[in-house]
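To start, the structure under review is shown below, and the notes come after it.
The values are calculated or read from the model by the stated rules, or taken from the named source; none is laboratory data. None of these values were measured; they are calculated from a predicted model. No Cβ is skipped: glycine too gets one built from the backbone with ideal geometry, and neighbour counts run over all protein chains shown.
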Amino acid sequence: MTTFTPIHTHSHSWASDTGDWRQRAAYNSAFGNCRRRAAITTEFDADQLHHWAMQLSQDYLPDRWERVSSSALTRVAVHRERGLYYKDFVARSPAAALQALATGSRATRARINGEALLLAGIDAPGTILWGQLPGGTEYLFTVAMPGAGIDHWLRNLLAKRGPEALRQRRQLLHALGTFIGRVHATGFIHGDLRPDHVLAALQQEQFRFTLIDNERNARKTPAPGRMLLRDLMQLNMLAPGVVSRTDRMCFFRAWRRQMRELSPIEAKILAAEAYRRALRRLHHKGQR
Ligand SMILES: Nc1ncnc2c1ncn2[C@@H]1O[C@H](COP(=O)(O)OP(=O)(O)OP(=O)(O)O)[C@@H](O)[C@H]1O
Ligand SMILES: [Mg+2]
């Protein structure tokens, strides 16, 4: 086996750790036809991580790893005690391979876009190790971020209609609007803003959000209306039985407050159109 120099690190927070990993800890080693590059680590041994990746990519679950349901073209697993997520990206179509040449592979985009969010002060999972397996499949180990998808909060955790649940729902939707408004006002478009790609954690009575699955992020200032519309439409893909009109208004009012350059009419059109399109899509999918 190729020798592997342990990677140094500092033990400060993940968020600041990930920002300058390329300068600090870049590690690139030939490993058969595999390549690896580490972002950190004292706590993680890159050889161990790569070995896990080899096993996980072959659908073998090493000790203490759990499978997480994911889309057909990815494999996701979690090691809860180590606070670690694994994700691999099976090479898609020839067209996707061409796109990868032009814009970077899915894993590379996810990693770089995540770093850009972190640098802008927006929570995203920091990368622990990126690597490539024989056959070209890439993998990422990322920091497990706290919280649950906002769909889970709205459907399950805060589904009851008692006064306390209602107060927390409104608090969640207001905080979410402010967060997404800040993301958009900073010029980020998520590009795949399904409700399960925004994690929310309640910490000291405040909701804290994390954006995950960042490979389709784009950055444009000001963000074009149709890109905003797409993000907002995806976020609205929750049935009226789960999220009421008043709930949605609560989100939009907070979102709008961050988007100062939008005229009142632009903001209204975006809100109404996002809602209309989301309902139409839900209808087509048979979810309402
Ligand atoms: N770093 C992380 N921290 C917390 N949860 C995570 C993390 N990475 C993944 N997850 C969880 O795993 C689920 C699946 O991950 P992800 O959304 O990245 O994969 P996917 O949806 O299958 O991929 P894609 O949408 O790119 O095809 C997420 O919905 C989330 O619950
Ligand atoms: Mg996903």
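What number of residues in segment 151-198 are in a helix (DSSP H, G or I) and small (Gly, Ala, Ser)? Residues that pass the stated criteria total 5. As a summary of the residue check, PRO195 satisfies the conditions (1) surrounded by fewer than 16 Cβ atoms within 10 Å (Cβ to Cβ); (2) within 16 Å of ligand 2 (Cβ to nearest atom) except for the one numbered (1). Restricting SER244, SER263 to residues that are at pLDDT below 95 and closer than 22 Å to GLY149 by Cα narrows the list to SER244. In segment 61-81, the residues that are touching a residue at least 40 places away in the same chain (Cβ under 8 Å) reach residues that are within 14 Å of ligand 2 (Cβ to nearest atom) and not in a loop (DSSP other than H, G, I, E, B) with C-beta atoms within less than 6 angstrom, at least six apart or across chains, in these pairs: VAL78/VAL68; VAL78/TYR85.
Just one of the listed residues (THR74, THR108, THR103) is among the hydroxyl-bearing types (Ser, Thr, Tyr), more than 9 Å from ligand 1 (Cβ to nearest atom) and either in contact with a strand residue (DSSP E or B) (Cβ under 9 Å, 6 or more places away or on another chain) or closer than 15 Å to PRO134 by Cα (or both), namely THR108.
Of the residues making up segment 199-247, just one is within 16 Å of ligand 1 (Cβ to nearest atom), closer than 16 Å to ARG182 by Cβ and of a type in the set (Val, Ile, Thr), namely THR210.
Criterion applied to GLY162, GLY126 was being in the same structural domain as GLN258 (by TED's automatic domain parsing) and either more than 16 Å from ligand 1 (Cβ to nearest atom) or in contact (Cβ under 8 Å) with a residue 12 or more places away in the chain (or both), and the one residue passing it is GLY162.
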